[in-house]
Amino acid sequence: NPAGPTDYRFGNFWVQSTVVKLPDGGTILLISDITARKQAEDALRESEGTLRAFTNNSPSIIYVRDTQSRIIKINKAYEDFHNITEAEAIGKTGHEWLDEKLAQQSLIGDRQVMTSGQPTTVNFEELDPDGKTHYMQAIKFPIMDEHGIVVAVGGIANDMTEHREREE
């Protein structure tokens, strides 16, 4: 029965050791070089941190939904506009905080992007938690896996209220 593997770092070199007890009472120590895996994990963490900093410092409302239109990720602007945290939003479709008409429009837009595999731009009105109407423009786009299959829908929405009011 193998014991749990243990990772060790020696400078920039990583190894993983596993002790295996043999039926005859003997023991085998397995040692594997996991340096490449650890470097990939570090690079992924750094990339995710960079992306999170980029999206959270954007004034645009940014979100990612899975193929069932459930929230996977949102940025700080989304949290602030909808008065909801990412932890509260993950796994939900938005019906919990969007009015029914907007929630349905959002689902239809998601399905359109998933079916076509193409980005689309939508204009809509949305009430903030204080009841003020905002005129929004969003681009929804497919997020595909390495085989070209749509696995999620991304969205970037901007409040066009001031722009619209200037034009009127």
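The values are calculated or read from the model by the stated rules, or taken from the named source; none is laboratory data. Just so you know, these numbers come straight off a predicted model, no measurement behind them. Using ideal geometry, Cβ is built from the backbone for each residue, glycine included, and neighbour counts are taken over all protein chains shown. Just the protein is used for accessible areas: all its heavy atoms, side chains included, with ligands, DNA and RNA removed. Shrake-Rupley method; radii C 1.70, N 1.55, O 1.52, S 1.80 Å.
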Whole-number percent relative contact order across the chain, with pairs defined as alpha carbons under 8 Å at least 6 apart: 15 percent
Over region 48-114, what is the relative contact order in whole percent, taking alpha-carbon pairs under 8 Å and six or more residues apart? 24 percent
Per residue of the chain, what 222 nm ellipticity follows from adding -39500 (n - 2.57) for every DSSP H run with n ≥ 4, rounded to the nearest 500? -10500 deg cm²/dmol
Just to confirm a number: summing +1 for Lys and Arg and -1 for Asp and Glu over residues other than Glu79 whose beta-carbon lies under 12 angstrom from that of Glu79, what do you get? -1
Accessible surface of Tyr8 in the full protein assembly, 1.4 angstrom probe, to the nearest 10 Å²? 100 Å²
Once the other residues with Cβ under 14 Å from the Cβ of Val113 are scored (Lys, Arg +1; Asp, Glu -1), what is the net sum? +1
Under 28 Å between alpha carbons, and skipping anything fewer than 8 positions from Lys73 in its own chain: which lysines qualify? Lys38, Lys92, Lys101, Lys132, Lys140
Taking the full set of protein chains and a 1.4 angstrom probe, give the accessible area of Asp80 in square angstrom, rounded to the nearest 10. 100 Å²
Heavy-atom accessible area per residue, region 1-138, 1.4 Å probe: how many Å²? 64 Å²
Excluding residues fewer than 8 positions from Lys21 in its own chain, the lysines with Cα under 24 Å of it are none
Accessible surface, 1.4 Å probe, highest first, among residues Val150, Val19, Val113: Val19, Val150, Val113
Report the full-extension gain for the segment Lys21 to Asp128: residue separation times 0.36 nm, less the Cα-Cα distance, to one decimal in nm. 32.3 nm
I'd like the FRET efficiency for Phe10 and Ala53, computed as 1/(1 + (r/R0)^6) with the beta carbon distance as r and R0 of 30 Å, rounded to 0.05. 0.45
Relative contact order of region 70-168: what whole-number percent is it, with Cα pairs under 8 angstrom and at least 6 residues apart? 19 percent
Leu30, Leu22, reordered so the largest accessible area comes first (probe 1.4 Å): Leu30, Leu22
Would you please give the FRET efficiency between Arg164 and Leu44, computed as 1/(1 + (r/R0)^6) with r the Cβ-Cβ distance and R0 = 41 Å, to the nearest 0.05? 0.50
Carbon/sulfur fraction of accessible area - the chain, other protein chains in place, 1.4 Å, %: 54 percent
